[in-house]
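Worksheet: the structure to be examined is printed underneath.
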Amino acid sequence: MHPSPHPFTANTIARYCLLTLALVPFALFTPACKVGPNFKNPDVSLQANWRQHQPSGKSTAASSPEVAWWKTFNDPTLDKLIAKAYADNLSLQAAGTRILQARAALNQSIGKLFPQDQALAGGVDYFHIKNPSGTIDGLPLREFLPGLGSDFASANYLFSASWEIDFWGKYRRGIESSQASFYSSIAAYDDSLVTLLADVANAYINIRTLEQRLAVNRENVASQEETLNIAEVRFEAGETSDLDVEQAKTNLAETQSAVPGLKSSLRQAKNGLAILLGLTPDEIDPYLGDSRGIPRPPSTLATGIPHDLLRRRPDVREAGLNAAAQSANIGVAKANLYPSFSLKGAFGFSSSDIGNSSLDNVFNWNNRIARANASFLFPIFNYGRLVNEVRIQDAAFQGAVLDYQNTVLTAQQEVENGLTSFRFGKETATLLSNATESSNKSTELAVVQYKAGAASYTTVLTAQQAALRIDDNLANAQGNTALAAVAVYRALGGGWQIREGQPVLSESVRKQMAERTNWGDLLEPENEIPKEKPKKNRNDEESAQS
């Protein structure tokens, strides 16, 4: 009597399956460890208070900085431009799509905790045996397969899955990295929004400053044309030489020559603002309306304290989250140094048309087959390569930490620079305003004396040139003071809070993406950005002080 050619019956295979499945609870609850460092916010250097502040020397550092800071300029046109840019700026919309991209990558990382490979396969194989009456190892083929003929076919349909157990935290560290990258993309969006708001304000202030300088030029041209007429009348009357006339013409032409350059700069500033608002250059003028002059910043700026930068400035949060993501990548690389454990299994049906069997009965429960096994992989010969991968990730993490620390230092520098420019800009504007009054009176007196023949034209020329220079410098100083205020607000990281509760993508963009790809509920405005951010990855004051 020959031994059974099928020592593994269906019941035996089932027992092996149950034994393998018994490892699942062990795999789920045993791997509590995660190799690699746990991220902590890096130490940063922060000053206690701002060195430069108000012209009076009094600081409002304890006050919270303005969120909608552009409203402190009390300019309705600026408010409308900000709203338009927030709604339609294309670069900001692109930053919003990167949030969705990072969210999808996070979901992808979470999916790796579940069986990583699944397959459903099936097929029919045809066989031809030249001598079905032959033997295998001395045993007749028909002993193995009763009813075997020269031609037969078999059908197999199997579902298989394999699952690498996250014993060392490789996939969980990957989730940590993806989660930090997701929140980093939100911070990057906020940083883009802060930059956009400041760029719109800067462009608008530059436009109003150039318009003011053109107005100053027109006033001086009118004054110099009047002086030229006086010189011509006096020359015709024989009271002076033609030198006065030629000097007056030269002075007038020189003043007029500045107009083309100012108009060119004004047109370019408007074109730049149009792009920020998502408009073509020929559409911008109606949005500007009539000028109300150069926007005036508030007399004092609420700045808070330097520690506020850690939570207010999006680029600081982004740098910290990038470091967190890179820290988790060290754990991913280290996990590859250790053995990996995998569970594999398959279940399906198999049948043939040998003897009384039929392919039509392939899904008969008696034709079921099952397979289960566990595997152990230890990358001994790849150890050197994997160690160097850990070193690569560690070096990248250290670089991210240094970038974060440098970002914090740079943020403080930008605030201090802005406060310095604002303080001394106001002082400059005040002095020039006083000088303007004096120069205007000096010009009027010089013209009156020239008419009466009590002064030479050189006196008039000097007074007019000084008046033009001072008036133009005053317009520049007023514009620079407003720009300095914007620089302070930008350095403080204000403005991004206006997106809270608002979608990061416009309705038209969401519609295009939904028509092209199944995004599930990720495109719903309430799902784009979580309401709460994970505390362990936040650069708040407590973590910075610890």
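The values are calculated or read from the model by the stated rules, or taken from the named source; none is laboratory data. The structure displayed is predicted, hence computed values, not measured ones. Note that we place each Cβ from the backbone using ideal geometry, even for glycine, and neighbour counts take in every protein chain shown. Remember, those area values only see protein heavy atoms, side chains included, never the ligands or the DNA or RNA. Shrake-Rupley method; radii C 1.70, N 1.55, O 1.52, S 1.80 Å.
Hey, among the residues in the range 448-459 that are modelled with pLDDT under 90 and surrounded by 17 or more Cβ atoms within 10 Å (Cβ to Cβ), which one's farthest from residue 217 (Cα to Cα)? It comes out as 450. Read through the list (1) part of a loop (DSSP other than H, G, I, E, B); (2) open to solvent by 50 Å² or more (accessible area, probe 1.4 Å); (3) touching a residue at least 60 places away in the same chain (Cβ under 8 Å), then give the number of the only condition that residue 311 fails. So the condition that residue 311 fails would be (1). Just to verify a result, which residue in the range 227-244, among those that are of a type in the set (Ser, Thr, Tyr) and open to solvent by less than 40 Å² (accessible area, probe 1.4 Å), is modelled with the highest pLDDT? Among residues in the range 227-244 that are of a type in the set (Ser, Thr, Tyr) and open to solvent by less than 40 Å² (accessible area, probe 1.4 Å), the one modelled with the highest pLDDT is 227. Residue check: residue 505 meets all listed conditions (1) open to solvent by less than 20 Å² (accessible area, probe 1.4 Å); (2) touching a residue at least 60 places away in the same chain (Cβ under 8 Å); (3) part of a helix (DSSP H, G or I) but one, namely (3).
The residue that is least open to solvent (accessible area, probe 1.4 Å), counting only those in the range 508-535 that are within 30 Å of residue 310 (Cβ to Cβ) and of a type in the set (D, E, K, R), is 528.
Within the range 361-402, track down each residue that is surrounded by fewer than 17 Cβ atoms within 10 Å (Cβ to Cβ) and under 16 Å from residue 44 (Cα atoms). Of everything in the range 361-402, those that are surrounded by fewer than 17 Cβ atoms within 10 Å (Cβ to Cβ) and under 16 Å from residue 44 (Cα atoms) turn out to be 398, 399, 402. Does residue 421 count as hydroxyl-bearing (Ser, Thr, Tyr), at pLDDT below 85 and not in a loop (DSSP other than H, G, I, E, B)? So residue 421 fails the test.
What do you reckon, is residue 433 small (Gly, Ala, Ser) and loosely packed, with under 13 Cβ neighbours inside 10 Å? No, not satisfied. Beta carbons closer than 7 Å, at least 6 apart along the sequence or on distinct chains, pair a first residue in the range 449-461 that is more than 13 Å from residue 245 (Cβ to Cβ) with a second that is open to solvent by 60 Å² or more (accessible area, probe 1.4 Å) and of a type in the set (Asp, Glu) for 453/239.
Filtering the range 420-429 to residues that are out of contact with any Ser or Thr (no Cβ under 7 Å at 6 or more places or on another chain) and either among the aromatic types (Phe, Trp, Tyr) or open to solvent by less than 30 Å² (accessible area, probe 1.4 Å) (or both) leaves only 424. When the residues of the range 346-360 are filtered to those that are open to solvent by 30 Å² or more (accessible area, probe 1.4 Å) and either of a type in the set (Val, Ile, Thr) or not in a helix (DSSP H, G or I) (or both), the one that is nearest to residue 178 (Cα to Cα) is 347. Here is the figure for the range 377-391: residues that are in contact (Cβ under 8 Å) with a residue 12 or more places away in the chain and closer than 20 Å to residue 342 by Cβ total 5. Against the criterion of being within 30 Å of residue 394 (Cα to Cα) and surrounded by fewer than 23 Cβ atoms within 10 Å (Cβ to Cβ), residue 306 qualifies. Just so you know, in the range 436-447 the residues that are under 23 Å from residue 256 (Cβ atoms) and without any contact (Cβ under 8 Å) to a residue 60 or more places away in the chain include one that is most open to solvent (accessible area, probe 1.4 Å), and it is 444. Among the residues making up the range 248-288, those that are assigned to a helix (DSSP H, G or I), among the polar types (S, T, N, Q) and free of Cβ contacts under 8 Å to residues at least 12 places away in the same chain are 250, 264, 268. Only one entry of 247, 224 meets the criterion of being farther than 16 Å from residue 467 by Cα, polar (S, T, N, Q) and open to solvent by less than 60 Å² (accessible area, probe 1.4 Å), and that entry is 247.
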